[in-house]
1. With +1 on each Lys and Arg Cβ and -1 on each Asp and Glu Cβ, how big is the dipole of the chain about its Cα centre, in debye rounded to the nearest 20?
2. Can you order the peptides 51-57, 72-78 by their average number of other Cβ atoms within 10 Å per residue, highest first?
3. Cross-link partners among lysines for K25, C-alpha distance below 28 Å, same-chain residues fewer than 8 apart left out?
4. Find the Rg to Rh ratio for the stretch 23-119, where Rh is the Kirkwood radius over alpha-carbon pairs and Rg uses the same atoms.
5. Expressed as a rounded percentage, what relative contact order does the stretch 1-51 have, with Cα pairs under 8 Å and six or more residues apart?
6. Over the chain, calculate the relative contact order: mean separation of alpha carbon pairs under 8 Å at least 6 apart, over the residue count, as a percent.
7. Using 7 Å Cα-to-Cβ label points, what is the D35/I61 separation (nm, one decimal)?
8. In whole percent, how big is the carbon plus sulfur part of the accessible area of the chain, probe 1.4 Å, protein atoms only?
Amino acid sequence: MYLYGASGHGMVIKEILHASGMKVKAFVDDNTEIDSLCSRPVVHDAAGLCPIIVSIEDNSIRKRIVERLSGHTFGNAIHPSAVVSDTAEIGEGTVVMPGAIINAYAKIGKHGEDGSEAL
């Protein structure tokens with residue numbers, strides 16, 4: 001898994017993936033002054049990297065990055081302590097935080113957006 005966004009939110013998502021038994025291979029970030037985070041390399045081009053999660057907390061910036069990454073495969077990060085109904089729908093690129101409860105028939109759109117406003 002690759003995380004686009006080498007910052008605090010990226011570190012949180014890395015820990016969620018780690019708790020789920022998944023490994024972050026690298027972070028991607030537009031800031032060329034960052035070369036590592038959490039003992040993982042930071043690269044500056046997402047070409048060919050899959051799956052990827054946009055790990056930027058600001059919704060408007062995350063949406064712009066997702067649009068730039070059209071054609072990429074996106075993954076999900078769901079913390080093992082989260083309770084997710086079997087009937088819930090979770091869109092690609094979504095992060096479910098520790099302790100979250102997603103009830104029956106809930107719909108979470110792509111990249112965590114409201115199901116009615118999915119990207």
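The values are calculated or read from the model by the stated rules, or taken from the named source; none is laboratory data. Quantities reported herein were computed from a predicted structural model and do not represent experimental measurements. Note that each Cβ is placed from the backbone with ideal geometry, even for glycine, and that neighbours are counted across all protein chains shown. Note: accessible area is taken over every heavy atom of the protein model, side chains too, but ligands, DNA and RNA are not part of it. Shrake-Rupley method; radii C 1.70, N 1.55, O 1.52, S 1.80 Å.
1. Values: 10 positive and 15 negative charges, 51 e Å.
That gives the chain a dipole magnitude of about 240 debye.
2. Working: 51-57: 22.4, 72-78: 19.0.
My ranking of the peptides, most packed first, is 51-57, 72-78.
3. K14, K63, K110
4. Details: Rg = 14.4 Å, Rh = 14.5 Å.
In the stretch 23-119, Rg relative to Rh is 0.99.
5. On the way: 75 pairs, mean separation 19.9, N = 51.
Computed over the stretch 1-51, the figure is 39 percent.
6. Values: 243 pairs, mean separation 25.0, N = 119.
Over the chain, the number comes to 21 percent.
7. 2.3 nm
8. Numbers: 3240 of 6550 Å².
The computed percentage sits at 49.
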